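In what follows, a single structure is set out as structure tokens and then discussed.
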């Protein structure tokens, strides 16, 4: 793409903590380079405000969680050439999707002093449940290198590389001994998508699956191993029912354990 | 004394130490940095540090890695391309800095594995410059295994526990000292500088016996023969389904395997759009992209990936390299998070009564 026709980019926020937008802001020098190569049309957290206009690339953070979100995502889709969902909320519904299936209006009155101000849908859902998504970046939050790689690919006009490998691949390349093997702790790395750089195992702790399911995630085998490490069935369910609870592979894993009746 | 001499001769010294609950080969800061009494209990899916009651230096079998990452880098740039002022693309090779490195404490299984990595990366007509640069800078100080782990089976593959080739210096640790043997001119140069007294016949005999009892102490084994036909005739054996049900396809076995050499190459363009790095990184036959061909995947499920790994390692290598790709280190057993045991799988797959 030539300098004369810089691609127009928007970064939209839905129900989320803003952490994935911070991955953009934390790019450092790369953020300045990025700002030079694209026209940032809308990015509330960084300054530009123009959520309505046409863009080439729309990055969408957050899940669809309110009735207003339902309308807004349709509008964004209609005005964007490419739509990239970024982060666990946008790709699986996020931590707020823990309410799915167990939503109780009573909670709202117990928790909030002005419950009338809360207008949440019963379910928190990923962007792809509502509109066509061209590419998904998983992670809670996504990392700077992931953002750079996707932007680069799009600027070069090629499909972004979808890393569906397990966290273990990054963990071993960095030379971290497996924490499941050395410490007997329930690491989600073997079923979780790479992209974080094996942050948690690198610090000697267990991966908690914030990047969502990898391809060919053998959740049954991992759940069986968690049990043999001493986790109760309920604790195993909690491993899968966390940040990406609604990701199909993790949802199915939890359902399987529950169905076996001992949760 | 040995480490001090190596440092004096300008070697960056790597030796055993503990990191994150495992024995690793890491850089030694001082000549006396090798700890005494390190030991680890290994079993399928478990690795636990313990103390050697005899406080020996090398009474441990192995850790998750040894030579491999220091010769075949887990991630490295192979070349770069940048646009110059006139807009022309300029390609340049990126070669690693390769300081002289001495690795102290490598095992017979590691040396046998290195010979296989050499056969792959240094083969005539396809010499890998990056690997060669690091490999040539390595001085290998091998140690006889006196206390193999429960996961070890090098005696059955014919690769240990006593190093017989591929080292610059070999050590055998006895109750009252070390028997030292040079295996190369470089090694001899270091050993000469140590001005050691000649080993007594008794010491040499003790070292031999120590090797024999270490071999006898191993409880696991692989059949010593060529398993190619035995495995390739069992490609539809139900055991593949059984192991696939347990396997996480995490690729840990391939990462810790000292002979696995598969890698992927990816391009990492800079955000400026003016340059790009061509990067090689460890890959695994347990990953999706490894079996990805244009438009489809030849190994879409875990069953086909495990089968690929095992049959390549123990069957295909015979055709490629004239021997099996397993040197009996047992890492794939200990470091498999669910404890899949290669020797057990092979026994089940090749047991005649289990043939469907």
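With the cut-off at under 12 Å, measuring from each backbone N in region A:125-145 to a point 7 Å along the Cα-to-Cβ line of residue A:199 picks out A:139-145.
Residue separation of residue A:35 and residue A:129 scaled by 0.36 nm, minus their Cα-Cα distance, works out to 30.8 nm of gained length. Take the Cα of residue B:9, step 7 Å along the line toward its Cβ, and report every residue of region B:84-107 whose backbone nitrogen sits under 15 Å from that point. Counting only backbone N, you get B:100-105.
With the cut-off at under 18 Å, measuring from each backbone N in region B:191-208 to a point 7 Å along the Cα-to-Cβ line of residue B:182 picks out B:191-200. Using the Cβ-Cβ distance between residue B:270 and residue B:321 with R0 set to 56 Å, the FRET efficiency from 1/(1 + (r/R0)^6) comes to roughly 0.90. For the peptide A:199-207, the mean number of other protein chain Cβ atoms found within 10 angstrom of a residue's Cβ is 1. The alpha carbon centroids of region A:162-192 and region B:128-171 are separated by 27 Å.
Relative contact order of region B:228-354, taken over Cα pairs closer than 8 Å and 6 or more residues apart, is 32 percent.
Computed extension gain for residue B:203 through residue B:133, at 0.36 nm per residue and net of the alpha carbon distance, reaches 21.5 nm. Mean separation of Cα pairs under 8 Å and 6 or more residues apart, divided by the residue count, gives chain B a relative contact order of 20 percent. Counting Cβ atoms of other protein chains within 10 Å of each residue's Cβ and taking the mean over peptide B:45-52 gives 3. Under the simplified labelling scheme, the residue A:22-residue A:109 pair shows an inter-label distance of 3.6 nm, with each label point 7 Å from Cα along Cα→Cβ.
The relative contact order of region A:158-236 comes to 30 percent, based on Cα pairs under 8 Å that sit 6 or more residues apart. Given the C-alpha centroids of region A:15-35 and region B:294-356, what is the distance between them in whole angstrom? Using only Cα atoms, the two centres lie 44 Å from each other. Converting the Cα gyration tensor eigenvalues of chain B into ellipsoid dimensions via √(5λ) gives semi-axes, longest first, of 34, 30, 17 Å. What would the Debye equation give as log₁₀ I(q)/I(0) for region B:167-300 at q = 0.09, 0.13, 0.21 Å⁻¹, counting only Cα atoms as equal point scatterers? Per q value, in the given order, log10 I(q)/I(0) is -0.62, -0.92, -1.33.
Pop the C-beta distance of residue B:241 and residue B:124 into the FRET formula with R0 = 45 Å and round what comes out to the nearest 0.05. According to the calculation, E is roughly 0.65. Relative to the longest principal axis of the Cα atoms of chain A, the long axis of helix A:219-228 makes an angle of roughly 40 degrees.
Using the Cβ-Cβ distance between residue A:260 and residue A:122 with R0 set to 35 Å, the FRET efficiency from 1/(1 + (r/R0)^6) comes to roughly 0.80. Between helix A:144-156 and chain A, what is the angle of the helix's C-alpha long axis to the longest principal axis, kept within 0 to 90° and rounded to the nearest 10? It is inclined by approximately 50 degrees.
Structure remark: mean-square fluctuation, Gaussian network model of chain B, C-alpha springs under 10 Å; the largest value among B:322, B:187, B:15 belongs to B:322.
Cα centroid separation, region B:178-210 to region B:228-271: 40 Å.
Counting Cβ atoms of other protein chains within 10 Å of each Cβ in B:242-254 and taking the mean gives 6. In terms of packing, defined here as the mean over residues of other Cβ atoms within 10 angstrom, the peptides A:225-234, B:18-27, B:37-46 line up highest first as B:37-46, B:18-27, A:225-234.
Taking Cα atoms only, the orientation of helix A:67-78 departs from the longest principal axis of chain A by about 60 degrees.
For chain A, what is the calculated [θ] at 222 nm in deg cm²/dmol (nearest 500), taking -39500 (n - 2.57) for each run of four or more DSSP H residues and dividing by its residue count? All intermediate terms of the calculation are to be shown ahead of the outcome.
Values: 12 runs with 99 residues, N = 263.
About -10000 deg cm²/dmol.
What is the spin-label model distance, in nm, from residue B:233 to residue A:235 if the labels are put 7 Å beyond Cα along the C-beta direction? With each label point 7 Å from Cα toward Cβ, the separation is 4.8 nm.
Stokes-Einstein diffusion of the protein assembly as shown at 37 °C, 0.692 mPa s viscosity, Kirkwood radius from Cα pairs, rounded to a whole number: 122 µm²/s.
Coordinate-derived values only; no laboratory data. None of these values were measured; they are calculated from a predicted model. Virtual Cβ from ideal backbone geometry, glycine too; neighbours counted across all protein chains shown.
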